[in-house]
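A short write-up of the structure that comes next.
The values are calculated or read from the model by the stated rules, or taken from the named source; none is laboratory data. Given the structure is predicted, the values throughout are model-derived calculations rather than measurements. Cβ coordinates were reconstructed from backbone atoms using ideal geometry, including for glycine residues, and neighbour counts include every protein chain displayed. The protein model used for the area step is the full one, side chains on, heavy atoms only, and it has no ligands, DNA or RNA in it. Shrake-Rupley method; radii C 1.70, N 1.55, O 1.52, S 1.80 Å.
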Amino acid sequence: NTPVTSSTVTLTINTAPVIGTQPLTQTVCEGSANVTFSVVATGAGLSYQWKKNGVDIPLATASSYVIATAATADAGTYTVQVSGTCTPPVTSTGAVLTINELPEITVQPTSQTVCEGQGVTLTVNAGVTGNPTYQWRKGGVNIVGATGSSYTIATTVAADAGNYDVVVSSSNAGCNTPVTSSTVTLTINTAPVIGTQPLTQTVCEGSANVTFSVVATGAGLSYQWKKNGVDIPLATASSYVIATAATADAGTYTVQVSGTCTPPVTSTGAVLTINELPEITVQPTSQTVCAGQSVTLSVNAGVTSNPTYQWRKNSTNIPGATSSSYTIAATTVADADDYDVIVSSSNVGCNTAVTSNTVTITINTAPV
């Protein structure tokens, strides 16, 4: 009876999985890198399956689950089921992931054009969920009190024109990376204003390019010239030109200036005076008389402003013959000859003399 001893064998007791360290709830900023959930478990032949809101996450089968870059869609409750050689598997407690969004502008403000005196509102739409804050700026300078998602000017003035933007921030702790909107332009159009009025003028009949002009400011300007209150056809520029002045052109000229913004304005009246040139409307006529009789030569001048006359015999001035008619009370043979008259105007600058037709006085004598 010599006893023998068998080889030594090991009895291993495997336990069902036990989670010693649970994954932790986290709050991170949108865009955070490598957001990690981890679990520490004991047991034999362990395997892992991470879940989000109870749904398996593909390929998430390690003891840790890493989100490379946190997006708002990643928010939710994360758990991990740990399985082993022995049953049953165990599931971790839920770890809630909260994503605090960064400031974001989803709808940009837009440029606007309004008339002075109108109201205007600039608006931005921010995608920040955690109580975004706003600061509107003009030309890069903060506008006091302009801290809402919109900025309103109830009654605009010309000085409000300029470039505007808004800085959007987040009240989420640690996630306050401000974002600035695109820059927009506020244009303020003013009602027409006439800076330079048309001028009263006195010109000679026949003057070329008689011009009335106006200088106005405002948006979308258009013009309509009037004579004595009546529209002049096709006179729709900032200047109105009379190519050749005639007596019929005399009158009062105004221009109505309209624009994008109301009301239209009318200029002061510019009076155009036309000084007529010398004109002979009725020519003298040749005459035949007997010696000793009287004779009168007459002319009719259309000049309204005190015309002057100079009668001539054979192109030589006759002293004292300076009226519209020339009379020889008792003719002699020596009075027979050719006569004419020069008509001038007393209008300054318009003294272009005009000469009448030449007429003949014939003196018949009694039989001798």
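In region 6-134, what percent of the accessible surface is made up of carbon and sulfur (1.4 Å probe, ligands and nucleic acids excluded)? Walk me through the numbers before you get to the answer.
On the way: 3750 of 7000 Å².
Roughly 54 percent of what the probe reaches on region 6-134 is carbon or sulfur.
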Exercise. Which value results for Rg/Rh of region 81-195 when Rg is the Cα radius of gyration and Rh the Kirkwood radius based on the inverse mean 1/r?
Worked result: 1.37
Exercise. Check SER170: other-chain or 5+ apart residues with amide H under 5 Å from its amide H, H built from backbone geometry?
Worked result: THR133, THR177
Seminar exercise, completed: Of the residues ALA336, TYR240, THR177, the Cα lying farthest along the dipole of the chain towards its positive end, which is defined by charges on the beta carbon of Lys, Arg, Asp and Glu, belongs to THR177
Exercise. Given charges of +1 on the Cβ of Lys and Arg and -1 on the Cβ of Asp and Glu, with all other atoms neutral, how large is the dipole of the chain about its Cα centre, in debye to the nearest 20?
Worked result: 980 debye
Problem set entry | In Hz, Karplus ³J(HN,Hα) per residue of region 142-148 (6.51, -1.76, 1.60; θ = phi - 60°; x = Gly, Pro) | 4, 9, 4, x, 8, 10, x
Exercise. When only Cα pairs under 8 Å and 6 or more residues apart are kept, what is the percent relative contact order across the chain?
Worked result: 10 percent
For this session: Return, ordered by residue number, the residues of region 94-111 whose backbone nitrogen is under 14 Å from a label point located 7 Å along Cα→Cβ of VAL184.
Result: 105-111
Exercise. HN-Hα J couplings of region 73-85 from phi, Karplus 6.51/-1.76/1.60, θ = phi - 60°, integer Hz, Gly and Pro as x?
Worked result: 5, 7, 4, x, 10, 10, 9, 9, 9, 10, 10, x, 4
Exercise. Lys/Arg Cβ at +1, Asp/Glu Cβ at -1, dipole of the chain taken about the Cα centre: which of PRO319, GLY195, SER63 is farthest positive-ward?
Worked result: SER63
Exercise. Given H placed on each backbone N at 1.01 Å, which residues far from SER346 in sequence or on other chains put an amide H within less than 5 Å of it?
Worked result: THR308
Seminar exercise, completed: Against the 2.2 N^0.38 Å rule of thumb, the C-alpha Rg of region 210-350 sits at a ratio of 1.74
Problem set entry | DSSP beta bridge pairing in region 69-226, given as percent antiparallel to the nearest 5 | 85 percent
For this session: Could you list which residues have their amide H under 5 Å from that of ALA301, counting only those 5 or more apart in sequence or on another chain, with H placed in the peptide plane?
Result: THR281
Seminar exercise, completed: If every Lys and Arg gets +1 and every Asp and Glu gets -1 at its Cβ, then about the Cα centre region 140-280 yields a dipole, in debye to the nearest 20, of 360 debye
Problem set entry | the chain - accessible surface per residue (Å², probe 1.4 Å) | 53 Å²
Problem set entry | Karplus (6.51, -1.76, 1.60) ³J(HN,Hα), θ = phi - 60°, over region 108-124, in Hz, Gly and Pro reported as x | 6, x, 10, 5, 9, 10, 9, 7, 3, x, 7, x, 8, 10, 9, 10, 10
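Kindly state, as a whole number, the per residue volume in cubic angstrom of the convex hull around the alpha carbon atoms of the chain.
Spelled out: Cα convex hull of the chain, divided by residues, is 222 Å³.
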